[in-house]
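A.B. asks: My questions all concern the structure below.
Throughout, read-outs are computed from the coordinates displayed, never taken from laboratory work. Not measured: the values here are computed from a predicted model. Cβ placement follows ideal geometry from the backbone for every residue including glycine, while neighbour counts extend to all protein chains displayed.
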Amino acid sequence: MLRPSYTDLLEVLNKDADKVDAINSRYTIVIAAAKRARQLIDGDEPLTMNYTVNKPVSIAVNELYENKIKIIQNAEKTAEEEAVVSDEENATIEE
């Protein structure tokens, strides 16, 4: 079992958050840890040295627990990202 526990993570992540920004989904925490673990696998340096297991997911969970990384929810796409998506959709349709 991973330590810290899910409830410990929720307490730490929501410590300074208001009700609107509060994280209350296990899925959100799992996805955040998975994305950070992928970054570590791809070569990013760990933001913490306080880990006992040298596995990417364990390091990512520790980084979340120590508030070294933040979860940003409901991020909206920028106009540039929307344009890229539109261009890709048009290219697919034209082919």
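A.B. asks: Residues with beta-carbon under 13 Å from that of residue 65, excluding residue 65: net charge, scoring Lys, Arg +1 and Asp, Glu -1?
C.D. replies: +1
A.B. asks: Hey, rough spin-label estimate for residue 16 and residue 28, points 7 angstrom out along Cα→Cβ, what's it come to in nanometres?
C.D. replies: Result for the modelled spin labels: 1.7 nm.
A.B. asks: Taking H placed 1.01 Å from N in the peptide plane, check which residues at least 5 places from residue 14 or on another chain put their amide H under 5 Å from its amide H.
C.D. replies: HN-HN under 5 Å from residue 14: empty list.
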